[in-house]
Amino acid sequence: MSRLSAGDWAKAALEALAKGGLAAVAVEPIAVRLGTTKGSFYWHFRNRRALVEAALALWEQDTEKVIAALNEIADPARRMCALLENAMADPVDAAISFRLISAADDPGIAEIARRVSERRLAFMQAALEEMGTPPDLARRRVVVGYGSYLGVAALRRLGASDEPLTDFIDQVMAGLALPPS
């Protein structure tokens with residue numbers, strides 16, 4: 001078996017966070033899932049908090065990678081549609097966002113969740129502004145769009161909504177005053 005990296009631990013911690021919240025980011029169960037011992041954990045991290053911070057840094061980096069890839073799409077309306085398609089195809093990211101909102105009493109957690117959310121909102125707002133939407137209106141529209149994404153993702157996770165994703169994406173696109181997918 002190859003030696004695990006800090007990144008392997010961070011990825012496993014992020015998966016645990018998505019499934020069970022911050023309480024699920026526990027060293028022993030993650031070690032078992034990775035097929036290793038707690039000694040491997042302590043080789044990379046001084047404590048559980050450092051692991052949580054590494055996992056959240058990975059989540060933030062993943063957001064930047066997605067945004068960089070989407071920025072390759074020249075048409076801002078198509079970019080927004082691709083963003084929604086990607087977001088709805090990745091229930092893990094929505095679960096992480098939701099779990100972090102629930103843990104926002106922790107100032108460190110709240111700061112990272114706020115920073116990632118603001119980055120996402122800014123990306124969406126820039127696309128709307130590129131299409132001629134005034135900044136104040138663009139901001140209001142993306143806040144509603146992002147809030148809808150989080151809400152629908154939560155409802156789908158609970159099994160309370162099973163509408164086709166294309167319908168949801170078309171509704172959000174309409175709310176952003178963009179043509180349907």
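The values are calculated or read from the model by the stated rules, or taken from the named source; none is laboratory data. Just so you know, these numbers come straight off a predicted model, no measurement behind them. Here the Cβ is made from the backbone with ideal geometry for all residues, glycine too, and neighbour counts use every protein chain on show. Heavy atoms of the whole protein, side chains included, go into the accessibility calculation; ligands, DNA and RNA do not. Shrake-Rupley method; radii C 1.70, N 1.55, O 1.52, S 1.80 Å.
Taking every protein chain into account, the accessible area of segment 48-181 amounts to 51 square angstrom per residue (probe 1.4 Å).
In loop segments of segment 38-94 as defined by DSSP, the GluC sites (Glu not before Pro) with at most 16 further C-beta atoms inside 10 Å of their C-beta are Glu72.
Site pair Arg140 and Lys38 shows an inter-label distance of 5.5 nm when each label is modelled 7 Å from Cα along Cα→Cβ. Here is how the number arises for the chain: DSSP H runs of 4 or more residues each give -39500 (n - 2.57), the sum is divided by the residue count, and the result at 222 nm is -25000 deg cm²/dmol. In degrees between 0 and 90, to the nearest 10, how far off the longest principal axis of the chain does helix 91-102 point, with axes built from Cα atoms? The helix 91-102 is inclined about 80 degrees to the chain.
Between Leu121 and Ala74, the modelled labels are 3.2 nm apart [label points 7 Å from Cα along Cα→Cβ].
In the chain, excluding the sites themselves, the longest stretch lacking any of the trypsin sites (Lys or Arg not before Pro) that are in a DSSP loop with at most 16 other Cβ atoms within 10 Å is 47-181. With R₀ fixed at 35 Å, the C-beta to C-beta distance from Ser5 to Leu155 puts the FRET efficiency at about 0.45.
Nonpolar atom fraction for segment 66-181, defined as the carbon and sulfur part of the 1.4 Å probe accessible area, stands at 58 percent. Put a dot 7 Å past the Cα of Leu165, heading toward its Cβ, do the same for Ser148, and the two dots end up 1.7 nm apart.
The distance from the alpha carbon centre of segment 16-95 to that of segment 125-158 is 22 Å, rounded to a whole number.
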